[in-house]
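Below is one structure, written out as structure tokens; comments come after it.
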Amino acid sequence: MLTTIALALLAPGTFVVDDPKGINAVQWFIDSPLEPIAGTGGGVTGRLEFDPAAPAKTTGRIVVPVAGLKAPVDGMTSHLKGAQWLDGEKYPEIAFAIASVRTGGKGPAYKGTVVGDLTIKGVTKRVSAPFTVAVSLLAPAVT
């Protein structure tokens with residue numbers, strides 16, 4: 001699992017990841033027994049509180065609407081959003097709330113693990129994921 005965190009400047013503050021232009025996206029991957037499936041999700045919203053002097057104190061919540069998810073084939077997208085999978089009509093959002101962040105090194109590149117509560121179909125589970133944030137004055141690079 002790969003976590004993406006975008007920071008506009010290397011300064012403390014609240015970073016809004018809402019997507020009014022419709023260009024932000026998350027990538028997802030399912031390693032199913034039949035075949036691996038990868039796709040994207042648009043309409044991302046959320047906020048992150050970040051201080052480069054104390055990256056371990058990062059907090060925030062990111063939300064991806066199920067309606068914004070896309071698979072490589074229209075039929076897969078339909079099944080993904082349907083009642084047997086994500087049931088997008090009943091559970092319209094997937095959310096991740098940061099519980100803790102462990103980092104190594106100092107900016108402008110931070111690597112570490114983010115731990116948080118992932119909610120899908122009304123079920124919340126604690127998960128962890130590696131992340132990298134590299135910030136330059138010209139353009140942030142995030143993986």
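The values are calculated or read from the model by the stated rules, or taken from the named source; none is laboratory data. What you see is a predicted model, and the numbers here were worked out from it, not measured in a lab. So basically every Cβ, Gly included, is an ideal-geometry build from the backbone, and we count neighbours across all protein chains shown. In case anyone asks, the SASA skips ligands and DNA or RNA and just uses the protein heavy atoms, side chains included. Shrake-Rupley method; radii C 1.70, N 1.55, O 1.52, S 1.80 Å.
Some notes on this structure:
- Tabulated pairs, the range 27-47, first in a strand (DSSP E or B), second open to solvent by 40 Å² or more (accessible area, probe 1.4 Å) and among the basic types (Lys, Arg), C-beta under 6 angstrom, 6+ apart or interchain: Gly39/Lys70; Thr40/Lys70; Gly46/Arg61
- The set of residues in the range 67-93 being open to solvent by less than 30 Å² (accessible area, probe 1.4 Å) and either in contact with a Phe, Trp or Tyr (Cβ under 8 Å, 6 or more places away or on another chain) or not hydroxyl-bearing (Ser, Thr, Tyr) (or both) consists of Gly68, Leu69, Ala71, Leu80, Gly82, Leu86, Gly88.
- Residues located in the range 31-46, provided they are of a type in the set (Val, Ile, Thr) and open to solvent by less than 50 Å² (accessible area, probe 1.4 Å): Ile37, Val44
- Test: Ala53 is among the aliphatic types (A, V, I, L, M) and assigned to a strand (DSSP E or B): no
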